Amino acid sequence: MGPSVARPRFEKLDPQRQEEILAAAADEFAARGYEGASLNRIIERAGTSKGALYYYFDDKADVLATAAEQAVRRVLVQADFPPLDSLTQEDYWERVREVSRRSFRSLEVDTWYVRLMRAFWRLREEEAARRATAGVMDWSRNLTRLFLVRGQELGTVRTDLPLELMLEMFLAADEAGDRWIMERWDGLDERGKAELLDARVDFARDMLDARHMGWEP
């Protein structure tokens, strides 16, 4: 599971070299933003050449798009997102809660993809970065849409509002939650982290769950 925008040539590269290039790119973007990032510094840090980098990528936007895609893939592995058809009416929200906990716990490990994901929303404040990561965002939107449709099929997610409206509301709340939590994560104790993650899922459930709000589909 995960978005797929990586260049075919890059995917054929030795996995260790892939990691070295992705780590160099992720750290550069996370530290300096999109406009401030330098392909020359990425090339130097990765121990490669300009010719080699342009063999694998079209431009700086392509480098960021690939790094963001690969970062999301790795976080999804840590989150262990369940197949949608495995969700049931009884466990729907509890499985969402478990995924939320695992996703944020994965961000406590100091790896290149964690550093990039922590900087993701700040990066997207730049127009060029928003364009570069549009594929990742489209993939996330589509996955969320499928998640909501599955909930409606189970009678767990309300159907009295247009699906696209609920999707926009959920994504807006999700982005705000991500930003707020990531900015404060390191300053929270274990109890505070657990309570905040659970409250975040409760907020989504309050907004979307037909049974929780006393409405029957």
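Any read-out appearing in this document is the output of simple, stated calculations on the displayed coordinates, not a laboratory observation. No experiment lies behind these values; they were computed from the predicted model shown. FYI the Cβ positions are ideal-geometry reconstructions off the backbone, even for glycines, and counts take in every protein chain you see.
On the basis of the beta-carbon distance and an R0 of 41 Å, Ala61 and Val149 show a calculated FRET efficiency of 0.85. Shown in residue order for region 148-163 are the 3J(HN,Hα) couplings computed by the Karplus curve 6.51 cos²θ - 1.76 cosθ + 1.60 at θ = phi - 60°: 5, 4, 4, x, 5, 4, 7, x, 9, 9, 4, 10, 7, 10, x, 4 Hz (x for Gly and Pro). Sum up the charges of everything whose Cβ sits under 15 Å from the Cβ of Val75, counting Lys and Arg as +1 and Asp and Glu as -1, but leave Val75 out. Residues near Val75 contribute 0 overall. Could you work out how far the C-alpha centroid of region 46-82 sits from that of region 119-145, in angstrom? The two parts, judged by their Cα centres, are 14 Å apart. Once the Kirkwood radius over Cα pairs is known for region 23-128, the Stokes-Einstein relation at 10 °C and 1.306 mPa s delivers a diffusion coefficient of 104 µm²/s.
Determine, from the Cβ-Cβ distance of Arg41 and Asp80 and an R0 of 45 Å, the FRET efficiency 1/(1 + (r/R0)^6), rounded to the nearest 0.05.
Using R0 = 45 Å, I get an efficiency of 0.85.
Here the Karplus relation 6.51 cos²θ - 1.76 cosθ + 1.60, evaluated at θ = phi - 60°, turns the backbone of region 186-199 into coupling constants of 5, x, 8, 7, 4, 5, x, 5, 4, 5, 5, 5, 5, 5 Hz, with x for every Gly and Pro. Rounded to the nearest 10 degrees, the inclination of helix 92-106 to the longest alpha-carbon principal axis of the chain is 30 degrees.
With r defined as the distance between the Cβ atoms of Arg101 and Arg9 and R0 fixed at 45 Å, what FRET efficiency is calculated, to the nearest 0.05?
For Arg101 and Arg9, the calculated efficiency is 0.75.
Charged neighbours of Ala172, selected by a Cβ distance under 14 Å, balance to -1 (K, R count +1; D, E count -1).
Solvent-free Debye calculation, one equal scatterer per alpha-carbon of region 142-217: log10 I(q)/I(0) at 0.11 Å⁻¹ equals -0.33. For Val157, the residues whose modelled amide H falls within less than 5 Å of its own, excluding neighbours fewer than 5 places apart on the same chain, are Gln152, Ala210. Quick one: among Tyr54, Tyr113, Tyr92, which has the greatest mean-square fluctuation in a GNM of the chain with alpha-carbon springs under 10 angstrom? Answer for the Gaussian network model of the chain: Tyr54. Here are a few candidate values for P(r) over Cα pairs in 5 Å bins from 0, in percent: (i) 1, 7, 14, 18, 18, 14, 12, 8, 5, 3, 1, 0, 0; (ii) 1, 8, 17, 21, 23, 18, 9, 3, 1, 0; (iii) 1, 7, 15, 19, 20, 17, 11, 6, 2, 0, 0. Which one was actually calculated from the structure I just gave you? Only one option fits the structure, namely (i).
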